[in-house]
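For reference, the structure discussed in these notes is given below.
The values are calculated or read from the model by the stated rules, or taken from the named source; none is laboratory data. Treat the numbers as computed from the prediction; the structure is a model and nothing was measured. When we count neighbours, we look across all protein chains shown, and the Cβ atoms used for this are built from the backbone with ideal geometry, even at glycine.
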Amino acid sequence: MNLKDKINEDLKNSMKSGDKVRLETIRSIRALILEFEKSGTDKELTPEDEIRMLTSAAKKRKESIEQFRAGNRPELADKEETELKIIEEYLPKQLSTAEIEVEIKKIALEVGAKTKEDFPKLMPIAAKALKGKADGKVIKEIVEKILGSN
């Protein structure tokens with residue numbers, strides 16, 4: 001089942017259950033899908049597009065959570081956290097920091113990256129390999145750590 005079908009099914013279920021936050025969040029994802037389809041590019045929604053869309057939505061929620069916490073608005077931050085958890089249900093399982101580090105070390109060995117000067121060689125490959133499975137900031141921090149410790 002592709003993302004669009006799953007979203008439509010979950011939308012019906014959340015309408016029936018009366019879960020307003022879930023309903024709003026699923027509607028926002030559905031709006032992203034519809035916006036993509038009506039963009040005029042005549043492209044089919046690929047799994048990569050789905051991950052990119054969901055990752056972007058999750059990133060916006062994370063940024064909002066930080067802003068609301070900084071602005072002493074815990075009730076809004078809590079709502080954003082709930083939405084983030086719902087969005088993450090549709091994303092691939094996120095890797096732990098240890099799992100990310102193992103993957104990046106493998107990639108570094110493959111491309112021969114050993115020093116800080118190799119960052120431009122390693123980072124794009126690591127980001128592409130872990131896209132949707134790990135946050136970009138975490139990937140960057142681990143790449144810097146691995147190359148900095150050698």
Residues Ile87, Ile125, Ile100, Ile142: which one is closer than 23 Å to Arg52 by Cα, at pLDDT 90 or above, touching a strand residue (DSSP E or B) at 6+ places or on another chain (Cβ under 6 Å) and not in a loop (DSSP other than H, G, I, E, B)? Ile100
Answer yes or no: is there a residue in the stretch 22-35 that is polar (S, T, N, Q), more than 28 Å from Ala129 (Cβ to Cβ), assigned to a helix (DSSP H, G or I) and in contact with a helix residue (DSSP H, G or I) (Cβ under 9 Å, 6 or more places away or on another chain). yes
Residue, nearest to the chain's Cα centre (by Cα), within the stretch 100-118, restricted to residues that are surrounded by 13 or more Cβ atoms within 10 Å (Cβ to Cβ) and of a type in the set (Gly, Ala, Ser): Ala108
